[in-house]
Number of protein chains: 2
Amino acid sequence: MDVIDLLMAHRSIRKFSDEPIDDGTIERIIAAGFAAATSSNLQGTTVIRVRDAETRRRIAELAGGQTYVETAGAFFVWCADLHRSAMACEIGGGAFEPGVTEHFVIATVDCALAAQNAVVAAESLGLGICYIGGIRNDPAQMTELLELPEQVMPLFGLCIGHPAQDPQRKPRLPLTITLKEERYDDSGDRVGIGEYDETMRAYYRERTGGKVDRAWSTDMSALLGKESRPHMRGYLDSQGFRFR
Amino acid sequence: MDVIDLLMAHRSIRKFSDEPIDDGTIERIIAAGFAAATSSNLQGTTVIRVRDAETRRRIAELAGGQTYVETAGAFFVWCADLHRSAMACEIGGGAFEPGVTEHFVIATVDCALAAQNAVVAAESLGLGICYIGGIRNDPAQMTELLELPEQVMPLFGLCIGHPAQDPQRKPRLPLTITLKEERYDDSGDRVGIGEYDETMRAYYRERTGGKVDRAWSTDMSALLGKESRPHMRGYLDSQGFRFR
């Protein structure tokens, strides 16, 4: 399969068969993840594989009842990690400067790049994946469950498993508005969003036999009109990410 | 080529031939980027392609003299973008709540996932890439140059081009410390970092004919012992990312 075709075929899988994935395959997938670029070789990422059924049940619940966290062949929590960096500083004879906003940005980006590489690796083997942003519903509980030290933030979960469904891929915003030339010119964005609203309406209608007919901009209003996860700043402060 | 082999073969390319990349190929690469997962379908990413030679020269300079920003077949600035989301809220009849920490996390992760997919797409076509974190040296200047509105942050640059060098890939931290089981247990991390320090020493010695012999932990001390990019919080505040 052509790699670009593989990337274009991505859709989240939320129903998995109980076929297991062997540990060697998991290690290949995660190693491929860490082969991604990392800012100044910081490697600000730690992956925690959770096998324990009760822990997975708790995480599924914290994530808002996402039961596939329990049933996927493998489940991981991807963490933005500066704790190891702090340890490296100590070993290297330097002081670690905590709470720097830029370091949070580096670790978050590092972690996402590595995870996406792992996702591509998994999908290339015919496996399906689902990111679980819902673990940020209660990061303090996640921190307790996984015994995360300060300077480690649970960024998202990731289910990997053998797909037991074949959902349609979701259309994306047109490149006419997401890929710009030379500067940020948003003069065509309203038209582009209008077109995409229609595309998403058609997508939902088709998937639900006409029952759901919802525009993207309506979804965005519902999502962003409220302060999502208002605990986030306080939680990050308590973990030592102080945004100074 | 096996996809996992492709991912494992990644190394940053900092020297490009002047062979151009046609626009159709660029569009395929960026579309593959946007096919990555996105939190709640937010798609908090905008890519700005910069062709203008003078703008690229300015960006290369702002990034600390990274001349390959000028010479790569194509150069992009990847932005974490909530401006379009705000526009969608307006169209959808809702209010956009600015400055929410969680929304910054969502847009940053979305942007990194999409960029990494684009990187894999480019590398699958035999192209080479280099992320340019150095654009965060002066995000305010970047913002002016690219006319970024509030709620848009230039997260990193990306060079894509035909490689004119074939560097070694850089070793990564051992999975024994970056992939953990069940919980964050760092009891083996000092040993793992020590091993990796030796690995990196050998890597530098080999690349420099013995001239450089530097441990990873030494690099991390130098990197993290100072407040990197201390302007970052103030800049993000001024762009409306207020971390509340």
Measuring from centroid to centroid over Cα atoms, what is the spacing of segment B:130-195 and segment B:199-244 in Å? 10
At B:GLU206 and A:ALA222, where each label point lies 7 Å from the Cα along Cα→Cβ, what is the point-to-point distance in nanometres? 5.4
Can you give the local net charge around A:ALA95? Use residues other than it whose beta-carbon is closer than 14 angstrom to its beta-carbon, Lys and Arg +1, Asp and Glu -1. -2
Taking just the alpha-carbon atoms of segment B:1-73, what radius of gyration and Dmax come out, in angstrom? 15.2, 40
Quick one: with label points 7 Å out along Cα→Cβ, list the inter-copy distances for B:PRO98 in nm, shortest first? 3.2
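Quick check for me: using +1 on Lys/Arg Cβ and -1 on Asp/Glu Cβ, what's the dipole size of chain A about its Cα centre, in debye to the nearest 20?
600
Can you give the relative contact order of segment A:92-244 as a percent, counting alpha carbon pairs under 8 Å and 6+ residues apart? Mind showing how you got there, number by number?
On the way: 125 pairs, mean separation 46.9, N = 153.
This gives 31 percent for segment A:92-244.
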Calculate, axis by axis, the spread of Cα positions in segment B:134-205 along the three principal axes, and write the results as whole Å, longest axis first. 48, 38, 19
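Just to check, using Stokes-Einstein with a Kirkwood Rh over alpha carbon pairs, what's the diffusion coefficient of the protein assembly as shown at 37 °C and 0.692 mPa s in µm²/s? Write out the running numbers ahead of the final one.
Working: Rh = 22.7 Å.
Estimated diffusion coefficient is 145 µm²/s.
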Distance between segment A:11-64 and segment B:26-55 - C-alpha centres, whole angstrom: 25
Where does chain A land at 222 nm, in deg cm²/dmol rounded to the nearest 500, when only DSSP H runs of n ≥ 4 count, each adding -39500 (n - 2.57), divided by all residues? -13500 deg cm²/dmol
Taking springs between alpha-carbon atoms closer than 10 angstrom, which of B:VAL105, B:VAL119, B:VAL47 fluctuates most in the Gaussian network model of chain B? B:VAL105
Which of B:THR25, B:PHE243, B:SER85, positive extreme of dipole for chain B (C-beta unit charges): B:PHE243
Electrostatic dipole magnitude of the protein assembly as shown [Cβ: Lys, Arg +1; Asp, Glu -1; Cα centre; debye, to 20]: 300
Please report, in whole Å, how far the alpha carbons of segment B:53-194 spread along each principal axis, starting with the longest. 53, 43, 29
Using the Kirkwood formula on alpha carbons, the hydrodynamic radius of segment B:155-242 in angstrom works out to 16.6
Placing a label point 7 Å from Cα toward Cβ, how far apart in nm is A:LYS15 from its equivalents in the other copies, listed shortest first to one decimal? 5.4
Just want the answer: with Cβ charges of +1 for Lys and Arg and -1 for Asp and Glu, which residue in B:THR178, B:ILE193, B:TYR203 is farthest toward the dipole's positive end in segment B:168-207? B:TYR203
Quick one: label points 7 angstrom along Cα→Cβ at B:SER238, distances to the other copies in nm, smallest first? 3.4
Mind checking which helices in chain A clear 30 Å along their axis (Cα) and have mean Kyte-Doolittle hydropathy of -1.0 or more, DSSP H runs only? A:101-124
Using the C-alpha gyration tensor of chain A, what are the square roots of 5 times its eigenvalues, in whole angstrom, with the largest one first? 31, 24, 19
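Where a number appears in this text, it was derived from the coordinates with a stated rule and is not lab data. Note that the structure is predicted; figures quoted are calculated from it, not measured. Virtual Cβ from ideal backbone geometry, glycine too; neighbours counted across all protein chains shown.
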